[in-house]
Amino acid sequence: DSAKGKARGPTRVRVVPLSEKTAAIGEAGRKAEGEFLTVALNKTVPLSLSRAVRDIVVGNPDVADVIVRAADQIYIVGKTVGDTNVFLIGADNKVIRRIEISVRLDVEALKDAIAQHLPDESIEVNSVGDSIILSGQARTDGAAAQARNLARRYVKADDNIVNMMKVRTEQQVMIQVR
């Protein structure tokens, strides 16, 4: 009894490949209430369930993984950028929940890094697929380059950074002519 502080034993939840369970979902999958969840790449989101699940069907296990902590608690892990869905099926073979999962780059961490290291800049960060879009305004070319360098830490290649930033002031070179 977990209410008295005793540890729960291992659960008998199975994660099954999509092909084995597709027919069993049938009508129940169409009737299940869908929800949308965004998970940052390489991050984990916990989900508590209203009742125990027996089977978990992951549409594309390369995009997201499901870790079962207990029969009524799971964790969804973002593995690669992309979209997939998860069906949670109860002991009665009915779909408890259908979750549409979108795994995206962790732009919140990049926003925090830019705010910390470039606090006087008005740089906005968004993601599309596996690319980061930098927009807004930087005061200098150096600040814009620093923002690009920070963004580079979050993508696989330089080509995955779309730079739409504008530099607020024109660079001027002052010379003295005699």
Practice task
Test LEU110 against the criterion of being buried (at least 18 other Cβ atoms within 10 Å of the Cβ), free of Cβ contacts under 8 Å to residues at least 60 places away in the same chain, aliphatic (A, V, I, L, M) and part of a strand (DSSP E or B), and give yes or no.
Solution key: no
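Matching residues to (1) in contact with a Ser or Thr (Cβ under 8 Å, 6 or more places away or on another chain); (2) closer than 30 Å to ALA138 by Cβ:
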position: ILE74; (1), (2): no, no
position: THR84; (1), (2): no, no
position: LEU88; (1), (2): no, no
position: ALA91; (1), (2): no, no
position: ARG97; (1), (2): no, no
position: SER102; (1), (2): yes, yes
position: LEU105; (1), (2): yes, yes
position: ALA109; (1), (2): no, yes
position: ALA115; (1), (2): no, yes
Completion exercise
Checking LEU41, LEU49 in turn, the sole residue that is at pLDDT below 95 and under 16 Å from the mean Cα position of the chain (by Cα) turns out to be LEU41
Handout entry: Flag if GLU108 is at pLDDT 95 or above and under 30 Å from SER50 (Cα atoms)
Key = no
Handout entry: Complete set of residues in region 35-83 that are over 15 Å from ASP106 (Cβ atoms) and among the small types (Gly, Ala, Ser)
Key = SER48, SER50, ALA52, GLY59, ALA70, ALA71
Handout entry: Looking only at region 52-76, and only at residues there that are more than 13 Å from ILE99 (Cα to Cα), under 18 Å from the mean Cα position of the chain (by Cα) and not acidic (Asp, Glu), the one that is least open to solvent (accessible area, probe 1.4 Å)
Key = VAL63
Exercise for the section: Within region 137-146, identify whether any single residue is open to solvent by 50 Å² or more (accessible area, probe 1.4 Å) and either closer than 29 Å to LEU47 by Cβ or in contact (Cβ under 8 Å) with a residue 60 or more places away in the chain (or both), and answer yes or no. Expected result: no
Exercise for the section: Scan region 149-178 residue by residue and report those that are of a type in the set (D, E, K, R) and open to solvent by less than 80 Å² (accessible area, probe 1.4 Å). Expected result: ARG152
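Filter region 93-105 down to the residues that are surrounded by fewer than 17 Cβ atoms within 10 Å (Cβ to Cβ) and within 13 Å of the chain's Cα centre (by Cα) and list them by number.
The answer is GLU100, SER102.
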Problem - Tabulated pairs, region 62-83, first assigned to a strand (DSSP E or B), second among the small types (Gly, Ala, Ser) and open to solvent by 40 Å² or more (accessible area, probe 1.4 Å), C-beta under 6 angstrom, 6+ apart or interchain - result: GLN73/SER48
Practice task
Inspect all residues belonging to region 116-132 and state whether any of them is part of a helix (DSSP H, G or I) and free of Cβ contacts under 8 Å to residues at least 24 places away in the same chain.
Solution key: yes
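The values are calculated or read from the model by the stated rules, or taken from the named source; none is laboratory data. This is a predicted model, so every value here is computed, not measured. Cβ: placed from backbone, ideal geometry, glycine included. Neighbour counts: every protein chain shown. Each accessible area value is taken on the protein alone, full model and side chains, heavy atoms only, with ligands, DNA and RNA left out. Shrake-Rupley method; radii C 1.70, N 1.55, O 1.52, S 1.80 Å.
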